[in-house]
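> Here it is, the structure, as C-alpha coordinates.
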Amino acid sequence: MKTLITNIGQIASGDIAKPRLDADSLVIVDGTIAAIGRGLSEDADTVVDARGSTVMPGLIDSHVHPAFGDFTPRQRAVDFIDSGMHGGVTTAISAGEVHVPGRPKDLVGLKALAIVAAKSWANFRPGGVKVHAGAPILELGLVEADFAEMAAAGVKLVGEIGLGSVKTGKDAAPMVRWAKQHGMTVTIHTGGPSIAGSNPINADVVLEANPDVVGHINGGTTSMSPQEIERLVATQMALEIVQCGNMKSALHTLRVAMDARATHRIIIGNDAPSGTGVIPLGVLRTLSMLAGLGGLDPAQAIACATGNTARVYKLNVGVIAEGREADLVICDAPTGSVARDALSALSAGDLPGISMALIDGKITIGRSRNTPPAARAAEVVKGSGPSAGGH
(Lines give C-alpha, C1' and ligand atoms only; values in the text may rest on other atoms or scores of the structure.)
Protein backbone atom coordinates (compact mmCIF):
# COMPACT_ATOMS: atom_id res chain seq x y z
CA MET A 1 0.00 0.00 0.00
CA LYS A 2 1.27 3.43 -0.97
CA THR A 3 0.19 6.77 0.50
CA LEU A 4 1.17 10.21 -0.76
CA ILE A 5 0.86 13.33 1.40
CA THR A 6 1.07 16.54 -0.62
CA ASN A 7 0.81 20.29 -0.11
CA ILE A 8 2.56 20.21 3.28
CA GLY A 9 3.29 23.67 4.66
CA GLN A 10 6.08 22.62 6.98
CA ILE A 11 7.55 19.45 8.40
CA ALA A 12 8.80 19.18 11.97
CA SER A 13 11.27 16.31 11.63
CA GLY A 14 11.52 15.09 15.25
CA ASP A 15 15.32 15.30 14.95
CA ILE A 16 16.43 17.97 17.40
CA ALA A 17 19.68 18.51 15.46
CA LYS A 18 17.71 19.31 12.29
CA PRO A 19 14.19 20.03 13.51
CA ARG A 20 12.70 21.28 10.20
CA LEU A 21 12.76 19.66 6.78
CA ASP A 22 12.74 21.50 3.47
CA ALA A 23 9.99 19.44 1.85
CA ASP A 24 6.32 19.64 0.94
CA SER A 25 5.43 16.02 0.30
CA LEU A 26 6.22 12.52 1.44
CA VAL A 27 5.53 8.96 0.34
CA ILE A 28 4.67 6.02 2.58
CA VAL A 29 4.99 2.44 1.37
CA ASP A 30 3.66 -0.45 3.46
CA GLY A 31 3.71 1.61 6.64
CA THR A 32 7.24 2.99 6.22
CA ILE A 33 8.36 6.42 5.04
CA ALA A 34 9.86 5.83 1.60
CA ALA A 35 10.54 9.33 0.24
CA ILE A 36 10.54 12.97 1.37
CA GLY A 37 10.91 15.90 -0.97
CA ARG A 38 9.30 18.65 -3.00
CA GLY A 39 6.67 18.11 -5.63
CA LEU A 40 6.61 14.35 -5.24
CA SER A 41 4.04 12.73 -7.51
CA GLU A 42 3.27 9.05 -7.10
CA ASP A 43 0.55 6.71 -8.29
CA ALA A 44 -0.57 6.09 -4.72
CA ASP A 45 -3.49 4.14 -3.32
CA THR A 46 -4.27 7.01 -0.96
CA VAL A 47 -3.53 10.69 -1.48
CA VAL A 48 -3.83 13.20 1.36
CA ASP A 49 -3.82 16.94 0.73
CA ALA A 50 -2.37 18.61 3.84
CA ARG A 51 -3.79 21.99 2.71
CA GLY A 52 -0.65 23.85 3.72
CA SER A 53 -0.66 22.58 7.29
CA THR A 54 2.11 20.98 9.36
CA VAL A 55 3.23 17.36 9.50
CA MET A 56 5.09 16.12 12.57
CA PRO A 57 5.93 12.68 13.95
CA GLY A 58 3.34 11.07 16.16
CA LEU A 59 4.04 12.09 19.75
CA ILE A 60 5.54 9.60 22.21
CA ASP A 61 4.18 9.74 25.75
CA SER A 62 7.20 8.60 27.76
CA HIS A 63 5.33 8.10 31.04
CA VAL A 64 2.05 6.18 31.11
CA HIS A 65 0.64 3.90 33.80
CA PRO A 66 -1.53 1.37 31.94
CA ALA A 67 -3.27 -1.61 33.49
CA PHE A 68 -4.92 -4.07 31.05
CA GLY A 69 -7.18 -2.96 28.25
CA ASP A 70 -7.83 0.68 27.53
CA PHE A 71 -9.08 1.27 31.07
CA THR A 72 -7.61 2.88 34.16
CA PRO A 73 -8.90 1.67 37.52
CA ARG A 74 -7.12 4.64 39.11
CA GLN A 75 -9.55 7.09 37.52
CA ARG A 76 -12.29 4.63 36.51
CA ALA A 77 -11.98 5.88 32.94
CA VAL A 78 -12.16 3.97 29.66
CA ASP A 79 -10.50 4.65 26.29
CA PHE A 80 -7.87 6.98 27.76
CA ILE A 81 -5.19 5.74 25.35
CA ASP A 82 -7.45 6.12 22.32
CA SER A 83 -8.33 9.58 23.61
CA GLY A 84 -4.63 10.42 23.88
CA MET A 85 -4.27 9.58 20.20
CA HIS A 86 -6.68 12.46 19.57
CA GLY A 87 -4.01 14.53 21.30
CA GLY A 88 -1.36 13.37 18.84
CA VAL A 89 0.09 10.46 20.86
CA THR A 90 0.81 7.42 18.68
CA THR A 91 3.25 5.64 21.04
CA ALA A 92 3.03 5.25 24.82
CA ILE A 93 5.66 3.88 27.18
CA SER A 94 4.78 2.35 30.53
CA ALA A 95 6.56 3.52 33.64
CA GLY A 96 5.06 0.60 35.51
CA GLU A 97 1.69 -1.09 35.80
CA VAL A 98 1.32 0.22 39.34
CA HIS A 99 -2.45 0.72 39.23
CA VAL A 100 -3.28 -2.93 38.50
CA PRO A 101 -5.61 -3.88 41.38
CA GLY A 102 -3.84 -6.22 43.78
CA ARG A 103 -0.49 -5.73 42.06
CA PRO A 104 1.72 -8.60 43.29
CA LYS A 105 4.92 -7.60 45.06
CA ASP A 106 6.39 -11.06 45.59
CA LEU A 107 9.13 -11.87 43.10
CA VAL A 108 7.21 -14.58 41.22
CA GLY A 109 4.15 -12.38 40.84
CA LEU A 110 6.23 -9.31 39.97
CA LYS A 111 7.94 -11.12 37.10
CA ALA A 112 4.71 -12.71 35.93
CA LEU A 113 2.93 -9.36 35.78
CA ALA A 114 5.74 -7.76 33.80
CA ILE A 115 5.87 -10.63 31.30
CA VAL A 116 2.09 -10.79 30.83
CA ALA A 117 1.84 -7.00 30.45
CA ALA A 118 4.63 -6.92 27.87
CA LYS A 119 3.01 -9.69 25.84
CA SER A 120 -0.54 -8.41 26.24
CA TRP A 121 0.23 -4.88 25.09
CA ALA A 122 2.34 -6.18 22.21
CA ASN A 123 -0.89 -7.73 20.91
CA PHE A 124 -3.26 -4.85 21.68
CA ARG A 125 -3.25 -1.39 20.10
CA PRO A 126 -6.15 0.75 21.30
CA GLY A 127 -7.01 3.01 18.39
CA GLY A 128 -3.77 1.85 16.80
CA VAL A 129 -1.51 3.34 19.50
CA LYS A 130 1.70 1.39 20.12
CA VAL A 131 1.94 0.72 23.86
CA HIS A 132 5.25 -0.56 25.20
CA ALA A 133 4.50 -2.06 28.59
CA GLY A 134 5.65 -4.66 31.08
CA ALA A 135 7.76 -2.45 33.35
CA PRO A 136 8.42 -4.25 36.65
CA ILE A 137 8.49 -2.24 39.86
CA LEU A 138 11.68 -3.36 41.60
CA GLU A 139 11.45 -5.14 44.93
CA LEU A 140 14.20 -6.30 47.26
CA GLY A 141 15.43 -9.82 46.56
CA LEU A 142 15.65 -9.66 42.78
CA VAL A 143 18.85 -11.18 41.37
CA GLU A 144 20.45 -11.09 37.94
CA ALA A 145 18.77 -14.32 36.87
CA ASP A 146 15.39 -12.65 37.35
CA PHE A 147 16.29 -9.89 34.90
CA ALA A 148 17.62 -12.46 32.43
CA GLU A 149 14.34 -14.38 32.70
CA MET A 150 12.20 -11.29 32.12
CA ALA A 151 14.34 -10.08 29.23
CA ALA A 152 14.18 -13.47 27.54
CA ALA A 153 10.38 -13.28 27.77
CA GLY A 154 10.26 -9.87 26.06
CA VAL A 155 10.43 -7.40 28.96
CA LYS A 156 12.37 -4.34 27.80
CA LEU A 157 11.56 -1.78 30.50
CA VAL A 158 12.04 -1.27 34.22
CA GLY A 159 9.35 0.82 35.91
CA GLU A 160 9.88 3.69 38.29
CA ILE A 161 12.43 2.71 40.92
CA GLY A 162 11.13 3.98 44.25
CA LEU A 163 7.53 2.79 43.89
CA GLY A 164 8.47 -0.51 45.53
CA SER A 165 10.76 -1.65 48.34
CA VAL A 166 13.91 -0.71 46.38
CA LYS A 167 14.38 2.90 47.41
CA THR A 168 18.10 3.52 47.99
CA GLY A 169 20.88 3.97 45.50
CA LYS A 170 22.80 1.13 47.12
CA ASP A 171 19.92 -1.33 46.59
CA ALA A 172 19.06 -0.04 43.12
CA ALA A 173 22.53 0.16 41.57
CA PRO A 174 23.19 -3.58 41.03
CA MET A 175 19.67 -4.12 39.71
CA VAL A 176 20.07 -1.24 37.28
CA ARG A 177 23.33 -2.77 36.03
CA TRP A 178 21.68 -6.16 35.55
CA ALA A 179 18.72 -4.63 33.73
CA LYS A 180 20.98 -2.68 31.38
CA GLN A 181 23.11 -5.74 30.71
CA HIS A 182 19.97 -7.53 29.54
CA GLY A 183 18.85 -4.70 27.26
CA MET A 184 16.26 -3.01 29.46
CA THR A 185 15.72 0.75 29.69
CA VAL A 186 15.47 1.89 33.32
CA THR A 187 13.47 4.77 34.80
CA ILE A 188 13.69 6.09 38.36
CA HIS A 189 11.07 8.03 40.31
CA THR A 190 12.24 11.43 41.57
CA GLY A 191 10.82 13.91 44.06
CA GLY A 192 8.29 13.20 46.78
CA PRO A 193 6.05 10.15 47.10
CA SER A 194 3.30 9.96 44.49
CA ILE A 195 1.12 7.12 45.78
CA ALA A 196 0.81 5.18 49.01
CA GLY A 197 3.82 2.92 49.40
CA SER A 198 6.15 4.97 47.22
CA ASN A 199 9.24 6.72 48.48
CA PRO A 200 10.94 10.11 48.04
CA ILE A 201 13.95 9.94 45.74
CA ASN A 202 16.60 12.67 45.66
CA ALA A 203 19.56 13.38 43.39
CA ASP A 204 22.00 11.35 45.51
CA VAL A 205 19.89 8.21 45.04
CA VAL A 206 19.60 8.84 41.28
CA LEU A 207 23.33 9.37 40.86
CA GLU A 208 24.18 6.19 42.76
CA ALA A 209 21.57 4.11 40.91
CA ASN A 210 22.57 5.49 37.47
CA PRO A 211 19.36 4.75 35.49
CA ASP A 212 18.72 5.67 31.86
CA VAL A 213 15.85 8.07 32.58
CA VAL A 214 15.33 10.60 35.38
CA GLY A 215 11.60 10.09 35.72
CA HIS A 216 9.50 13.25 36.05
CA ILE A 217 12.47 15.44 36.92
CA ASN A 218 9.92 18.21 37.57
CA GLY A 219 8.10 16.10 40.13
CA GLY A 220 5.36 13.55 40.06
CA THR A 221 3.91 15.69 41.50
CA THR A 222 6.32 17.03 44.15
CA SER A 223 9.62 18.22 42.73
CA MET A 224 13.20 17.99 43.88
CA SER A 225 14.97 21.25 44.65
CA PRO A 226 16.40 23.40 41.84
CA GLN A 227 19.91 22.48 42.98
CA GLU A 228 19.18 18.75 42.71
CA ILE A 229 17.70 19.25 39.24
CA GLU A 230 20.87 21.07 38.17
CA ARG A 231 23.01 18.16 39.38
CA LEU A 232 21.02 15.73 37.25
CA VAL A 233 21.03 17.93 34.16
CA ALA A 234 24.83 17.75 34.41
CA THR A 235 24.72 13.95 33.86
CA GLN A 236 24.11 12.06 30.60
CA MET A 237 20.73 10.67 31.68
CA ALA A 238 17.48 11.42 29.86
CA LEU A 239 15.55 14.20 31.60
CA GLU A 240 11.83 13.54 31.64
CA ILE A 241 9.47 16.52 31.98
CA VAL A 242 5.85 15.59 32.66
CA GLN A 243 2.51 17.35 32.56
CA CYS A 244 1.46 16.01 35.97
CA GLY A 245 4.34 17.69 37.74
CA ASN A 246 5.63 21.02 38.99
CA MET A 247 5.52 23.56 36.14
CA LYS A 248 7.98 25.92 37.80
CA SER A 249 10.49 23.07 38.06
CA ALA A 250 9.79 22.11 34.44
CA LEU A 251 10.75 25.56 33.23
CA HIS A 252 13.81 25.57 35.49
CA THR A 253 14.89 22.23 34.03
CA LEU A 254 14.45 23.60 30.52
CA ARG A 255 16.49 26.73 31.22
CA VAL A 256 19.33 24.76 32.78
CA ALA A 257 19.27 22.21 29.94
CA MET A 258 19.31 24.97 27.31
CA ASP A 259 22.28 26.62 29.00
CA ALA A 260 24.07 23.25 29.13
CA ARG A 261 23.15 22.45 25.50
CA ALA A 262 21.41 19.35 26.78
CA THR A 263 17.96 19.72 25.20
CA HIS A 264 18.67 16.56 23.19
CA ARG A 265 18.22 14.68 26.50
CA ILE A 266 14.79 16.11 27.34
CA ILE A 267 11.85 13.75 26.83
CA ILE A 268 8.16 14.42 27.47
CA GLY A 269 5.50 12.41 29.27
CA ASN A 270 2.13 12.80 30.93
CA ASP A 271 2.63 10.71 34.11
CA ALA A 272 -1.02 9.71 33.80
CA PRO A 273 -3.39 8.19 34.62
CA SER A 274 -2.55 9.44 38.07
CA GLY A 275 -4.11 11.35 40.89
CA THR A 276 -3.98 14.38 38.60
CA GLY A 277 -6.29 12.61 36.21
CA VAL A 278 -6.45 11.50 32.58
CA ILE A 279 -5.07 14.23 30.30
CA PRO A 280 -5.47 13.41 26.59
CA LEU A 281 -3.81 16.67 25.55
CA GLY A 282 -1.10 16.54 28.22
CA VAL A 283 1.88 16.07 25.91
CA LEU A 284 0.68 18.87 23.60
CA ARG A 285 0.13 21.12 26.63
CA THR A 286 3.67 20.46 27.82
CA LEU A 287 5.04 21.34 24.38
CA SER A 288 3.12 24.62 24.36
CA MET A 289 4.52 25.41 27.82
CA LEU A 290 8.11 24.71 26.78
CA ALA A 291 7.75 26.75 23.58
CA GLY A 292 5.32 29.43 24.75
CA LEU A 293 6.72 30.11 28.22
CA GLY A 294 10.17 28.53 28.08
CA GLY A 295 11.26 30.00 24.73
CA LEU A 296 12.26 26.65 23.24
CA ASP A 297 12.05 26.53 19.45
CA PRO A 298 8.71 24.79 18.77
CA ALA A 299 10.19 22.30 16.30
CA GLN A 300 12.80 21.39 18.93
CA ALA A 301 10.03 21.05 21.51
CA ILE A 302 8.32 18.55 19.22
CA ALA A 303 11.62 16.66 18.94
CA CYS A 304 11.66 16.35 22.74
CA ALA A 305 8.38 14.44 22.52
CA THR A 306 9.35 12.36 19.48
CA GLY A 307 12.90 11.73 18.28
CA ASN A 308 14.56 12.24 21.67
CA THR A 309 12.32 9.64 23.28
CA ALA A 310 12.67 7.24 20.36
CA ARG A 311 16.44 7.38 20.75
CA VAL A 312 16.30 6.63 24.48
CA TYR A 313 13.96 3.66 24.00
CA LYS A 314 15.49 2.44 20.70
CA LEU A 315 12.28 2.80 18.71
CA ASN A 316 11.96 3.14 14.94
CA VAL A 317 9.42 5.95 15.25
CA GLY A 318 9.59 9.61 16.25
CA VAL A 319 11.57 10.97 13.29
CA ILE A 320 10.37 11.79 9.78
CA ALA A 321 13.06 10.08 7.72
CA GLU A 322 13.24 7.36 5.11
CA GLY A 323 12.99 3.92 6.67
CA ARG A 324 11.13 5.06 9.77
CA GLU A 325 7.68 3.81 10.68
CA ALA A 326 5.10 6.26 9.33
CA ASP A 327 3.47 7.45 12.55
CA LEU A 328 2.46 11.01 11.67
CA VAL A 329 0.22 13.84 12.84
CA ILE A 330 -1.13 16.54 10.53
CA CYS A 331 -2.02 19.72 12.38
CA ASP A 332 -2.36 23.48 12.07
CA ALA A 333 -2.93 26.57 14.16
CA PRO A 334 -6.35 26.31 15.79
CA THR A 335 -9.17 28.37 14.38
CA GLY A 336 -9.09 31.82 16.01
CA SER A 337 -5.44 31.66 17.03
CA VAL A 338 -3.07 34.58 16.55
CA ALA A 339 -0.68 32.04 15.02
CA ARG A 340 -0.33 31.23 11.34
CA ASP A 341 0.64 27.56 11.65
CA ALA A 342 1.10 24.76 14.17
CA LEU A 343 4.63 25.71 15.17
CA SER A 344 3.86 29.37 15.78
CA ALA A 345 0.74 28.24 17.69
CA LEU A 346 2.98 26.38 20.15
CA SER A 347 5.15 29.49 20.52
CA ALA A 348 2.00 31.52 21.18
CA GLY A 349 0.97 29.06 23.90
CA ASP A 350 -1.90 27.60 21.87
CA LEU A 351 -2.53 23.94 21.18
CA PRO A 352 -2.43 22.96 17.50
CA GLY A 353 -5.61 21.59 16.00
CA ILE A 354 -5.13 18.02 14.76
CA SER A 355 -6.89 17.17 11.51
CA MET A 356 -5.42 13.72 10.88
CA ALA A 357 -3.22 11.04 12.41
CA LEU A 358 -1.58 8.06 10.76
CA ILE A 359 -0.02 5.01 12.41
CA ASP A 360 2.12 2.75 10.23
CA GLY A 361 0.84 4.79 7.30
CA LYS A 362 -2.81 4.01 8.04
CA ILE A 363 -5.15 6.93 8.74
CA THR A 364 -6.52 6.32 12.23
CA ILE A 365 -8.46 9.55 12.81
CA GLY A 366 -9.56 12.60 10.92
CA ARG A 367 -10.35 15.69 12.93
CA SER A 368 -9.43 15.20 16.58
CA ARG A 369 -12.33 15.08 18.99
CA ASN A 370 -10.16 16.70 21.68
CA THR A 371 -8.10 19.50 20.13
CA PRO A 372 -9.64 22.71 18.85
CA PRO A 373 -10.40 22.58 15.10
CA ALA A 374 -7.46 23.19 12.78
CA ALA A 375 -7.65 26.34 10.67
CA ARG A 376 -6.66 24.20 7.69
CA ALA A 377 -7.64 20.56 7.71
CA ALA A 378 -6.01 17.73 5.79
CA GLU A 379 -8.28 15.94 3.35
CA VAL A 380 -8.24 12.54 1.68
CA VAL A 381 -8.53 13.32 -2.05
CA LYS A 382 -7.97 9.77 -3.29
CA GLY A 383 -8.75 6.49 -1.61
CA SER A 384 -10.63 6.14 1.64
CA GLY A 385 -10.12 7.08 5.24
CA PRO A 386 -11.63 9.25 7.97
CA SER A 387 -11.51 12.91 7.04
CA ALA A 388 -13.58 14.40 9.84
CA GLY A 389 -14.19 13.84 13.51
CA GLY A 390 -15.37 16.31 16.03
CA HIS A 391 -17.32 16.33 19.24
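> With the convex hull built on the Cα atoms of the chain, state its orientation-averaged projected area in nm².
On the way: hull surface 67.9 nm².
Averaged projected area of the chain's Cα convex hull equals 17.0 nm².
> May I pose another question? Starting from the Cα gyration tensor of the range 189-272, multiply each eigenvalue by 5, take the square root, and state the resulting semi-axes largest first in whole Å. If you can, show how the numbers build up before the last one.
On the way: eigenvalues 66, 39, 24 Å².
They are 18, 14, 11 Å, listed from largest to smallest.
> Can you give the FRET efficiency for Lys119 and Gln181, using 1/(1 + (r/R0)^6), R0 = 25 Å, r = Cβ-Cβ distance, to the nearest 0.05? Each step should come with its number before you reach the end.
On the way: r = 22 Å, r/R0 = 0.88.
The pair Lys119/Gln181 has a calculated efficiency of 0.70.
> What spacing in nm lies between the two simple spin-label points modelled at Ala260 and Ala196, each 7 Å away from Cα in the Cβ direction?
In this crude spin-label approximation the distance works out to 3.7 nm.
> Expressed as cubic angstrom per residue, what is the convex hull volume of the alpha carbon set of the range 284-379?
Details: hull volume 9.5 nm³, N = 96.
Hull volume over Cα atoms, normalised by residue count, gives 99 Å³.
> Quick one: compute the contact order of the range 192-331, relative version, from alpha carbon pairs under 8 angstrom and 6+ residues apart, as a percent.
Relative contact order comes out at 18 percent.
> Past the 28 Å Cα-Cα mark, which pairs from Lys18/Lys167; Lys105/Lys156; Lys18/Lys314; Lys314/Lys362; Lys130/Lys180; Lys167/Lys248? Working shown, then result.
Numbers: Lys18/Lys167 39 Å; Lys105/Lys156 19 Å; Lys18/Lys314 19 Å; Lys314/Lys362 22 Å; Lys130/Lys180 23 Å; Lys167/Lys248 26 Å.
Listed pairs above 28 Å: Lys18/Lys167.
> Over the chain, with the other protein chains present, what is the accessible area per residue in square angstrom, probe 1.4 angstrom?
Working: 14170 Å² over 391 residues.
Spelled out: the 1.4 Å probe surface of the chain, per residue, equals 36 Å².
> Here is a further query. Mind checking which helices in the chain clear 30 Å along their axis (Cα) and have mean Kyte-Doolittle hydropathy of -1.0 or more, DSSP H runs only? Walk me through the intermediate numbers first.
Working: long enough: none.
The answer is none, since no helix passes both cut-offs.
> Sticking with this one: Considering only DSSP beta bridges with both partners in the chain, what is the antiparallel share in %, to the nearest 5?
Numbers: 32 of 57 bridges.
Beta bridges within the chain, antiparallel portion: roughly 55 percent.
> Whole angstrom only: what separates the Cα centroid of the range 62-96 from the Cα centroid of the range 281-350?
19 Å
> Grab the other residues whose beta carbon is less than 13 angstrom from that of Gly154, score K and R as +1, D and E as -1, and report the net. Spell out each step's value before the answer.
On the way: positive: Lys111, Lys119, Lys156; negative: Glu149.
Every neighbour counted, the sum reads +2.
> From largest to smallest, what semi-axes in whole angstrom does the range 138-217 give when each is the square root of 5 times an eigenvalue of its alpha carbon gyration tensor? Numbers along the way, then the final one.
Working: eigenvalues 82, 29, 26 Å².
Ellipsoid semi-axes (Å, largest first): 20, 12, 11.
> Evaluate the distance, in nm, between pseudo-label points positioned 7 Å from the Cα of Arg369 and of Ala321 along their respective Cα→Cβ axes.
Distance between label points: 3.6 nm.
> When the accessible area of the chain is computed with all protein chains present and a 1.4 Å probe, what percentage of it is carbon and sulfur? Write down the numbers at each step before the final one.
Values: 7150 of 14170 Å².
Carbon-and-sulfur percentage of accessible area, whole number: 50.
> Right, something else. Give the peptides 207-216, 221-230 in descending order of average Cβ contacts within 10 Å, highest first. Before the final figure, lay out each step's value.
Numbers: 207-216: 23.7, 221-230: 17.9.
In decreasing order of mean packing, 207-216, 221-230 become 207-216, 221-230.
The values are calculated or read from the model by the stated rules, or taken from the named source; none is laboratory data. No experiment lies behind these values; they were computed from the predicted model shown. Cβ sites come from the backbone with ideal geometry, for glycine too, and all protein chains shown count toward neighbours. Ligands, DNA and RNA are excluded from the accessible area calculation, which covers all protein heavy atoms including side chains. Shrake-Rupley method; radii C 1.70, N 1.55, O 1.52, S 1.80 Å.
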